[in-house]
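The values are calculated or read from the model by the stated rules, or taken from the named source; none is laboratory data. What you see is a predicted model, and the numbers here were worked out from it, not measured in a lab. Please note: Cβ atoms are built from the backbone with ideal geometry, for glycine as well, and neighbour counts cover all protein chains shown. Areas reflect the complete protein model, heavy atoms only, side chains present, ligands, DNA and RNA absent. Shrake-Rupley method; radii C 1.70, N 1.55, O 1.52, S 1.80 Å.
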Amino acid sequence: NAGVTQTPKFQVLKTGQSMTLQCAQDMNHEYMSWYRQDPGMGLRLIHYSVGAGITDQGEVPNGYNVSRSTTEDFPLRLLSAAPSQTSVYFCASSRGQGAGTQYFGPGTRLTVL
Amino acid sequence: SQQGEEDPQALSIQEGENATMNCSYKTSINNLQWYRQNSGRGLVHLILIRSNEREKHSGRLRVTLDTSKKSSSLLITASRAADTASYFCATDPFSGGYNKLIFGAGTRLAVHP
């Protein structure tokens with residue numbers, strides 16, 4: 001199993017551009033989530049999903065959209081990038097619909113100029 | 001705001017010594033988890049302790065949970081240079097709905113040979 005994969009690994013955007021961060025898992029996990037990690041602040045939950053077609057907001061959802069059309073994929077869309085969205089983004093998944101043991105992807109380092 | 005707060009923010013010890021990290025949280029929880037993050041990598045799950053458990057062991061790791069004080073501790077015994085990493089606690093707050101995992105800001109552990 002590949003586990004949780006994320007693409008791209010690095011991305012540089014200009015203010016106002018849009019892009020999609022990809023996340024996929026091959027463990028048939030129902031629960032998937034997106035976090036951002038900023039220096040000294042740990043991880044903050046952006047959006048999460050408890051199954052295909054079901055998503056909900058986390059702590060810092062503004063400026064981000066998600067959808068979950070399949071069990072495997074959970075893309076994160078930045079609608080109009082801002083410098084405040086410069087961060088490292090992690091996708092994670094876990095079994096069941098609760099926030100149990102999370103399996104993390106390697107992360108995407110995003111810089112917005 | 002973040003649910004969990006780790007203490008200390010940074011810890012520097014010699015190989016062979018024990019390392020203790022503490023986590024405090026604010027609301028009732030379903031479970032509390034500890035994760036490790038090596039520099040530039042994704043997080044790796046270490047241990048999960050449920051709200052009705054008081055202590056759990058995994059190899060050189062010992063986790064305690066005191067729900068009356070809303071606190072947990074992670075003890076790493078006989079530390080090694082390879083234990084150098086950031087350690088995060090994460091809580092699954094009891095919210096009555098779908099579950100979210102909320103991370104603290106982490107403890108940076110440096111183990112010197």
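Side notes on the structure shown:
- Restricting attention to the range A:27-80, the residues that are among the hydroxyl-bearing types (Ser, Thr, Tyr) and within 30 Å of residue B:7 (Cβ to Cβ) total 4.
- Residue B:105 meets the stated requirement of being within 27 Å of residue A:39 (Cβ to Cβ), modelled with pLDDT under 95 and not aromatic (Phe, Trp, Tyr).
- With a requirement of 3 or more residues that are surrounded by 16 or more Cβ atoms within 10 Å (Cβ to Cβ), the strands (runs of 3 or more DSSP E) lying completely within the range B:9-113 that satisfy it span B:19-24, B:29-37, B:43-50, B:61-66, B:71-76, B:85-93, B:107-112.
- Residues located in the range A:98-111, provided they are of a type in the set (Val, Ile, Thr) and open to solvent by less than 10 Å² (accessible area, probe 1.4 Å): A:108
- Residue that is nearest to the other protein chains (Cβ to nearest Cβ), among those in the range A:66-78 that are β-branched (Val, Ile, Thr) and more than 18 Å from residue A:19 (Cα to Cα): A:71
Here's the yes/no breakdown for (1) surrounded by 17 or more Cβ atoms within 10 Å (Cβ to Cβ); (2) within 14 Å of chain B (Cβ to nearest Cβ); (3) in contact (Cβ under 8 Å) with a residue 40 or more places away in the chain:
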residue: A:56; (1), (2), (3): no, yes, no
residue: A:64; (1), (2), (3): yes, no, no
residue: A:80; (1), (2), (3): no, no, yes
residue: A:89; (1), (2), (3): yes, yes, yes
residue: A:93; (1), (2), (3): yes, yes, yes
residue: A:96; (1), (2), (3): no, yes, yes
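- Residue within the range A:27-46 that is open to solvent by 40 Å² or more (accessible area, probe 1.4 Å), in a strand (DSSP E or B), more than 14 Å from every other protein chain (Cβ to nearest Cβ) and not hydroxyl-bearing (Ser, Thr, Tyr) present: no
- Residue that is nearest to residue A:86 (Cα to Cα) [pool: residues in the range A:1-26 that are of a type outside the set (Gly, Ala, Ser) and open to solvent by less than 20 Å² (accessible area, probe 1.4 Å)]: A:13
- Candidates B:79, B:58, B:68, filtered to the one that is without any contact (Cβ under 8 Å) to a residue 60 or more places away in the chain and touching a strand residue (DSSP E or B) at 6+ places or on another chain (Cβ under 7 Å): B:58
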